[in-house]
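Nothing in this text is a laboratory measurement; each read-out follows from the coordinates by a stated rule. Keep in mind that this is a model prediction, so the values were computed, not measured. So basically every Cβ, Gly included, is an ideal-geometry build from the backbone, and we count neighbours across all protein chains shown.
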């Protein structure tokens, strides 16, 4: 009788990271959502002219993903390698876990929009509901999920790059900072700078591209660049920093 196939060690890394972190992230999200809902409720009751408080608060979520990326490569990756896994196995498992985590967080962002809308509706302040609404149609809700997911993936990848760079060497970490800033600014830089570098027909097509599609595409490409740079650092990274 053939023994059941054992899951790859990369898959075990991904599963361990997801099981370990999704529960605590859900609790953090609930606490954060409660805070934002309280702020939105105060605004609604006081009749202040503000709307989409949840959307305006997402910078905190992105900063958290950036910090989590640093923690992931500076703490988890060396620990897995020290326990006998190859760098390729750890990198593959960490990447898979990162994609799963981003999808989970993007779904929570969509859920946050729904909760905020329901709260404002119950308070009778439908005038404060964003228009057009991020969840106004199925297509718009899908766009919100994809765009926010691609942006979160970029922040996670840049954080991972910085964490790996600083773990490898302090100077390399310092050099990774302007690279990370450039990648995080990729969407706005590409929107303003690319038309001048492209043929006129291509520039016109770029100008006609919906902003959310362009943002998602550029963020995904920038995240891929950050991930490749991170792997370049990790592929032969020693387990301890060398003192200069």
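Take the Cβ-Cβ distance between residue 87 and residue 123 as r, set R0 to 35 Å, and report the resulting FRET efficiency rounded to the nearest 0.05.
Step by step, r from the Cβ atoms, then E = 0.10.
Taking 7 Å along the Cα-to-C-beta vector as the label spot, tell me the residue 60-residue 11 distance in nanometres, rounded to one decimal.
3.8 nm
Pull out the extension gain between residue 20 and residue 170, defined as 0.36 nm times the separation in residues minus the alpha carbon to alpha carbon distance; nm, one decimal. The partial results should precede the final answer.
On the way: separation 150, 0.36 × 150 = 54.00 nm, distance 2.89 nm.
Full extension from residue 20 to residue 170 adds 51.1 nm.
Based on the Cβ-Cβ distance of residue 181 and residue 111, what FRET efficiency does E = 1/(1 + (r/R0)^6) give at R0 = 30 Å, to the nearest 0.05?
Values: r = 30 Å, r/R0 = 1.01.
Approximately 0.50, to the nearest 0.05.
With Kirkwood's inverse mean 1/r over C-alpha pairs for Rh, give me the Rg to Rh ratio of region 50-96, two decimals please. Don't jump to the answer; show the numbers that get you there.
Numbers: Rg = 15.8 Å, Rh = 12.5 Å.
Result: Rg/Rh = 1.26.
What is the gain in length, in nm to one decimal, between residue 138 and residue 30 on full extension, counting 0.36 nm per residue of separation less the C-alpha to C-alpha distance?
Numbers: separation 108, 0.36 × 108 = 38.88 nm, distance 2.41 nm.
Taking residue 138 through residue 30 to full extension adds about 36.5 nm, to one decimal.
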